[in-house]
1. Which percentage, to the nearest 5, of the DSSP beta bridges contained in the chain is antiparallel?
2. When the convex hull of the Cα atoms of the chain is projected onto a plane and the area is averaged over all directions, what value comes out in nm²?
3. Under 11 Å from the Cβ of Phe250, count the other residues' Cβ atoms, weight Lys and Arg +1, Asp and Glu -1, and hand me the total.
4. Could you pull out every residue, at least 5 positions away or on a different chain, whose amide H is within less than 5 Å of the one on Glu17? Hs are placed 1.01 Å off N in the peptide plane, and Pro or chain starts have none.
5. Sort all Cα-Cα distances of segment 222-278 into consecutive 5 angstrom bins from zero, then give the percent of pairs in each bin up to the one containing the longest distance.
6. Give me P(r) over segment 44-166, computed from all C-alpha to C-alpha distances, binned every 5 Å, as integer percentages.
7. Counting heavy atoms of the protein chains only and a 1.4 Å probe, report the per residue accessible area for segment 127-278 as a whole number of Å².
8. Most fluctuating residue of Ser67, Ser39, Ser47 in a GNM of the chain with Cα springs under 10 Å: which is it?
Amino acid sequence: MSTTQTIPTVTLNNGVEIPRLGFGVFQVPDDETSAAVASALAAGYRSIDTAAIYGNEAGVGRAIADSGIAREDLFVTSKVWNSDHGYDSTLRAYDATLATLGLEFLDLYLIHWPAPDRGLYTETWRALEKLYAEGRVRAIGVSNFEPEHLERLIDVAEIVPAVNQVELHPALQNRDVIAADARHGIATEAWSPLAQGAVLGDPAIVTIAAAHGKTPAQVVLRWHLQQGRIVIPKSVTPARIAQNLDVFGFDLTARELAAIDALDRNGRTGPHPAEFHG
Ligand code: NDP
């Protein structure tokens, strides 16, 4: 299996390096996941983002096993679901995730949502800290944490999260979350970086794409990368999978970045984290 290019990395606050661009598998059925992940690995992706709730950790694991790629050359992320919040249940959920993936360790394990009504995310975090202290996971982080959830967690935590994975794209730029992450040395990772396709027809993006001979998706991914974020676009279409990785050979100008910045419009595609309890 050939790697077409080396993907740049971001160094997390514990020294671990994460590829700046990874492959997401949300909403990919388990029986289609192996093919999609195999296509991504063949194209050169080395970071895969899944979650217990996606029901496709087995498909991810099969593709990894079949790829022949050395485990240390991969970066695998999964997430503990809301109904598994709590100390013991999170430890059990981690064991189940590893067993389903067929892996000995994860590179990154995230609390999928704060689910504030459950009131258990600090307990859940204690379990992640234990897994980390035992060397069973290389980095731990959170997802969908608003600044208020981060502050509360960091008040009681021994370890500051390495990553906050949040909805982030031109139509929802989440600047307060990015600022809170930066204050605490947390890397921001953008989920639905393409707004699930909803921004790809925006005239400003289409115009910039034409100027560079690139696609709108490539322009949006480039916009994220030039602002220092980690991205995990999803596709089940091999040509798009390859296209989404081919974003390291051009630069948007400051004016083009600003034109995309101006598209912020509270265009959330998923639930608001303060209101989602799963
Ligand atoms: P994305 O923003 O990655 O968009 C995916 C959609 O865009 C698919 O419909 C795909 O179509 C299409 N697409 C992909 N590439 C292109 C392209 N080059 N040109 C045109 N269309 C394209 O959405 P996701 O919601 O999947 O987010 C990405 C990942 O983020 C997820 O897979 C998951 O890993 C993570 N995530 C995390 C969440 C969390 O709560 N932590 C929540 C949601 C997502 P097709 O597949 O048909 O090619």
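The values are calculated or read from the model by the stated rules, or taken from the named source; none is laboratory data. In this text, all values refer to a predicted model and were calculated from it rather than measured experimentally. Quick reminder, even Gly has a Cβ in these numbers, built from the backbone with ideal geometry, and neighbours come from all protein chains shown. SASA here: full protein model, heavy atoms, side chains in, ligands and nucleic acids out. Shrake-Rupley method; radii C 1.70, N 1.55, O 1.52, S 1.80 Å.
1. Taking every DSSP beta bridge with both residues in the chain, the antiparallel ones total about 15 percent.
2. Over all viewing directions, the chain projects a mean Cα-hull area of 13.2 nm².
3. -1
4. Sorted by chain and number, the residues that satisfy this are Leu12.
5. All Cα pairs considered, the percentages come to 4, 13, 17, 19, 21, 15, 8, 3, 0.
6. Whole-percent P(r) values from 0 Å outward: 2, 11, 24, 24, 18, 11, 6, 2, 0.
7. That works out to 41 Å² per residue.
8. Ser67
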